[in-house]
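Here the structure comes first, spelled out in structure tokens, and everything after it is commentary.
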Amino acid sequence: MALSDIEKSACNKVLWFTIWNVFFANVLSGSALYLINIILDPKNIPAKLAVAVPAQASFFIAYVVTSGWTGVSSELFRVIPFIFSLIRKPFVKSEDDDIEVPSIPYHKEIPKILFFGLLGITYFFLAPLILAFLLVYLCLGYIIFRNQFLNVYAPKYETAGKFWPIVHNSMIFSLVLMHAIAIGIFTVKKLSIASTLIFPLPVLTLLFNEYCRKRFLPIFIAYSAEETKGQKNWGKQYLMVYIVSSCYLEIWTSEKEIEWILLSHQFNTLQIGTALPVPLSLLKFEAGYWSAFHDAEGSILDVTGNENPTWQPRFSNQNQYQSYPALLPLPPPIPLQLTATPPLPQNQSCRSKTHLHKPSWKQNNPPRATSSDTQVSVLTVLPASEDTQRRASSPLRGENGRKVMGATQALVAARRPDSGGVEGPVISLLANHFLVQFDSLQRIFHYDVEISPNPSKEVARMIKRKLVEENSVELSGALPAFDGRKNLYSPVEFQNDRLELFISLPIPTSKSLSPSGDLQEKHRQLKLFRINIKLVSKFDGKELNSYLSKEGDDWIPLPQDYLHALDIVLRESPTEKCLPVGRSLYSSSMGGTKDIGGGAVGLRGFFQSLRPTQQGLALNVDFSVTAFHESIGIIPYLQKRVEFLRDLSQRKTRGLTGEERKEVEKALKNIRVFVRHRATVQRYRVHSLTEETTENLWFEDRDGKILRLVNYFKDHYGYDIQFRNLPCLQISRSKPCYLPMELCMICEGQKFLGKLSDDQTARILKMGCQRPRERKAIIDGVMRGAVGPTSGSQEREFKLHVSREMTRLNGRVLQPPKLKLGEGGHVRDLIPSRHDRQWNLLDSHVFEGTCIERWALISFGGTPDQKSNIPRFIIQLSQRCEQLGILLNKNTIMSPQFEPIQLLNNVSLLESKLKKIHTAALNNLQLLICIMERKHKGYADLKRIAETSIGVVSQCCLYQNLGKSSSQFLANLALKINAKMGGCTVALYNSLPSQIPRLLRPDEPVIFMGADVTHPHPLDDFSPSIAAVVGSMNWPAANKYVSRMRSQTHRQEIIQDLGAMVGEILDDFYQQVSKLPKRIIFFRDGVSETQFYKVLQEELQAIRVACCRFPNYRPPITFAVVQKRHHTRLFRNESNHPSSTGNQLLEENIPPGTVVDAVITHPREFDFYLCSHWGVKGTSRPTHYHILWDENHFTSDEVQKLVYSLCYTFVRCTKPVSLVPPAYYAHLAAYRGRLYLERSEFTTFTSSTCALSRAAPPKTTPLPKLSENVKKLMFYC
């Protein structure tokens, strides 16, 4: 028997002997016959105790003083061990003179403390005086024993944890005994009500004891406290084991409780095995796998990802541990995220496996991981050796040398698996990337700048220019670069680390309109600014050079400080000459401004950004166009912007209705203005409009006098306000501050934040729509021009050399896949051979056509002539569908319904009308075609009602398109209807498994998922963001997708409910295919480069958690980010086409299938550019695919072929699309979710409410639930 079990047994015996011999023997003192009589009459035991226990109070007070206090004193001086040591030393010879440090005699001390606890619980209401003596004993005991623990006893914990059940049982016994005595006392005193109320207490106490025994006892059997504290060097590892096991048993249910335990042991990170730190913030406790300890097949691995052949349990009793699932079923495994551990290679074997009971798969639902399905393999944590501790500071590597886990970075994006793809003929290209060469030894000095009073960016740059001119000596003759805020970068160090300088500037105080409409400055005044400059850091380009040359380790991050400094340096000169907006710069010298209507003007400019590429640092420069607010007075601006105020200058007495006021406020909100009636440099931002008109506005001046606003301007400024029935601008959130509209002008250089109208969008697109040759010429002109990044002296100051020539590179043109169409029930193959890769369906059917028997048509608005064309349209659409292999009944279930367009303004009437149509179809309507007179905001209500309330697929179109009735229009309409009803247009003739046989197999299904988040308009401070996830439902065709949509926090980019949505899609996939997907290919749209790793870290984990809903299921995941909003453009290389034919080619875009994965791509990570579509107008924009995570181990050729083939399967058209369909569908689904919240009644509430609070967005409005009839259809297409 182990020493621990002996001591535990001794503790039990001493405890109960003490309780019986000291307590009951004194309380129930008397003859043996008397004691037998008490036992034989159990009903009177409480009454006997009620009399006997209080009588012994004085004895137990004396017992506490003698036994307790004297015991404490003897413990302090340790007299007996001292005497024993003196006697023992002469008789026992030992070469070691060190005194043997004693350990705690738990078996004697614990019973004594528990007995005193029993006395306290028993006597606290019988003889409260005893509590004072017990309190003194416990205080002295705490002080003395704390001293002994720290300075005397050896830190051994062989049995400490296993005494806790004894302590628990003793406390339960004490409570029950106290209840019995209380019942007896109340019985003796004839307090029947009190006695009755006491009766439930012992029952509840015993039930609680049973609960604790089942819930917590296995913990103390398997893990005692020494496992958590242990030896000094192993404490953190054992505590980690204790926490993990405790989470399995649901002792701690929240992350905060775990954090409290860790903090109570005074460390914030854990070290397991290889001493890799585990940040608290990365501990995850959802249902799933231990991503740190299990490979893809469930094998238990050590933290380095290597097989551990000597995996042995270190718990106190293995047999006990293996038996306790019978006592307490385990919940599903949990993912313990150790710095977001990536999955380990699937082909890696391990001797220890996770055993899962085989579930029943008879039902048509995927199996779920349950408590009865899972047994947990034993986890071993060994102390870190010196070698592993050294490795802890460097990345751990799995198969192919890829990084698995690092100590300094949570996740590392996938590395390029090869030197690039080789399939497809080579094409010579130019990219708008300009090589930047830098001196890695050139140091850059970073200074923090503080200017007081705080100026605008424009004024701050004026201050910087004058600062350099007047303080050349203090700045050591440097020409520093300034970002307009607080950061100043210099190529040389200033004379002092801290400088305080003063600059006076002539600031324009007022502006007015000249007769020609131009802004003119009236006069200037001097203003003094104080500038404090402080050195922040110094750095050179060695680390950046090492990163670009791939010399350092893979896990070393990009040196952002030096890269950011160089980016500011190259933007210095353009920023002084142009109008900066984001990363773009605009100038009237690049083609002037163009009025696009609605109070907006279009301005040309260029985008520039410094990027690390395979060729080194490259400056990405592109042509850009955007809309600005026209810098005119508020009154003329409103006349242009708002339709109902066109004649405002002729009707100065006109007022605004409630709806008109809200629209005007929406148009002016957040616009910066300045005033013309007084000299000031101040600029104001419009917050809202006043509730009252200008005529009725009064305010309180500084002296407390109430003044009428109209009279105030007349008396102080001699200005008679003309538009008195209009509201004023409110320019303060917290206090009344009014400005009459006619005295305000819009500040120049403000980007147009409102939503552009269709006409404005068409005009701005036309300004930016240049063919490749023209766009290339504009970019080359920027690089050589007077406003470009090379126009200043910074290039020379910082020892940079920026190439004036575009980057020359070779791309490849992937061959189109063979497609599969329908032809009267037969399959027809087709290879898109046209230059634009389009195909037509004139002689073919769609691959899978649907049958639509019950459908209806409703019209909103329209002239009598337009309505008369409806019967002809029904016949033409039915015939065109038949030609395409789609069966559309020639007769609707009821005659076409004609409603006024105003019905779309009334949500309740619209819903009532649609329900009547649905009822007429016996609640089995398949399709509703809606024809509208014009675009209307009620479109959103129509879609929401049809798809959530009624459960019918709808297709909308405009009368103006109906009038054309062209074959192409009818075909496009038919394709959309077919896709929404469950059909598909085309399929790949050679399936994906035949194209990528190394990874994909026909009998091992793969799911393609897409995700996107759409955010509200920039001026909308209220509406939630909408996240959407789609997933393919058939294999190997992979051309039908279901969707899930959720609303989430305002402007939150991370998909908050991704795990739930992915889990639901996996459920649907299993129901369709009868298998769970073997692999998951996930395409994420709408992510900027700065959010790559945050999205990867959180969303990859969410996908894993979703997979863990199913037993023993962990498929390999490939996570790719898809980007369309970038500025890389590819052009045909004219040097290879010197002839006239070549010049004609240069007018054309690059061919579909052009792929680039070298030179301009990331120096280390796995990305490529693919132009899968034909650019009809303007210059083609290739799509950027960045593979952030790849457990499937695709090669470059495989993933490029996969993406390009999928682009041919889009259901709405007969040509390859520019975006991989899963991402495309996710974007459409997210837009549909946005429509569900844009109700005509809700919009009014939003526009009036969003002005109240920008800082604190309201709670997220949930999306309405989709009807089951449309949930599994592609209704969002």
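Computed from label points 7 Å out along Cα-Cβ, the spacing between Ser192 and Leu131 is 3.1 nm.
Once the convex hull of all Cα atoms in the range 1004-1146 is built, its volume per residue stands at 172 Å³. Sparsely packed loop sites in the range 924-989 (the trypsin sites (Lys or Arg not before Pro) outside DSSP H, G, I, E and B with at most 11 other Cβ atoms within 10 Å) comprise Arg934, Lys935, Lys964. The fraction of Cα-Cα pairs per 5 angstrom bin, counted from 0 for the range 1006-1056, comes to 5, 22, 22, 16, 13, 10, 7, 4, 1 percent, rounded to whole percents. Evaluated at q = 0.21 Å⁻¹, a Debye calculation over the C-alpha positions of the range 536-647 (equal weights, vacuum) places log10 I(q)/I(0) at -1.09.
Descending by average beta-carbon neighbour count within 10 Å, the peptides 1148-1154, 1008-1014 line up as 1008-1014, 1148-1154, the highest first.
Applying 1/(1 + (r/R0)^6) with r as the Cβ-Cβ distance of Asp561 and Glu474 and R0 = 22 angstrom yields a FRET efficiency of 0.35. Calculated on the Cα set of the range 854-897, radius of gyration then Dmax: 11.2, 33 Å. Quote the FRET efficiency, to the nearest 0.05, computed for Glu1053 versus Lys13 with a Förster distance R0 of 60 Å and r equal to the Cβ-Cβ distance. That pair, Glu1053 with Lys13, gives E of 0.40.
When only Cα pairs below 8 angstrom with a gap of at least 6 residues are kept, the range 633-747 shows a relative contact order of 32 percent. Each part reduced to its alpha carbon centroid, the range 1142-1206 and the range 1207-1234 end up 17 Å apart. Across every direction, the projection of the convex hull enclosing the Cα atoms of the range 633-747 has a mean area of 7.1 nm².
Our compactness index for the range 978-1024, the C-alpha radius of gyration over the empirical 2.2 N^0.38 Å, is 1.97. Reducing the range 614-671 and the range 673-709 to their Cα centroids gives an inter-centroid distance of 22 Å.
Just round it to a whole percent: the fraction of Cα-Cα distances in the range 808-866 exceeding 20 Å. It works out to 57 percent of all Cα pairs. Calculated on C-alpha atoms, the gyration radius of the range 849-981 divided by its Kirkwood radius gives an Rg/Rh of 0.93.
The residues of the range 849-981 expose, per residue, 41 Å² of accessible area to a 1.4 Å probe.
Using the Cβ-Cβ distance between Lys1259 and Leu206 with R0 set to 45 Å, the FRET efficiency works out to roughly 0.50.
Projected onto planes of every orientation and averaged, the convex hull of the alpha-carbon atoms in the range 707-787 covers 10.4 nm².
Counting protein heavy atoms only, the range 849-981 has 50 percent of its accessible area on carbon and sulfur, 1.4 angstrom probe. Surface composition of the range 615-656: carbon and sulfur make up 46 percent of the accessible area, probe 1.4 Å.
Using 0.36 nm per residue and subtracting the Cα-Cα separation, the extra length available between Lys1124 and Asp439 on full extension is 243.3 nm. If the segment from Arg784 to Ser994 were pulled out straight at 0.36 nm per residue, it would be longer than the present Cα-Cα gap by 70.6 nm.
For the range 576-611, the list of trypsin sites (Lys or Arg not before Pro) that fall in a loop by DSSP and count at most 16 other C-beta atoms within 10 angstrom reads Arg583.
Using equal-weight Cα scatterers in the Debye expression, the normalised intensity of the range 760-856 in log10 at q = 0.12, 0.13, 0.18, 0.22 Å⁻¹ is -0.76, -0.81, -1.01, -1.13.
The values are calculated or read from the model by the stated rules, or taken from the named source; none is laboratory data. Bear in mind that the values here come from a model prediction, so they are computed numbers and not experimental data. As a convention, Cβ positions derive from the backbone with ideal geometry for all residues, glycine included, and neighbour counts pool all protein chains shown. All accessible areas refer to the heavy atoms of the entire protein, side chains included, with ligands and DNA or RNA removed. Shrake-Rupley method; radii C 1.70, N 1.55, O 1.52, S 1.80 Å.
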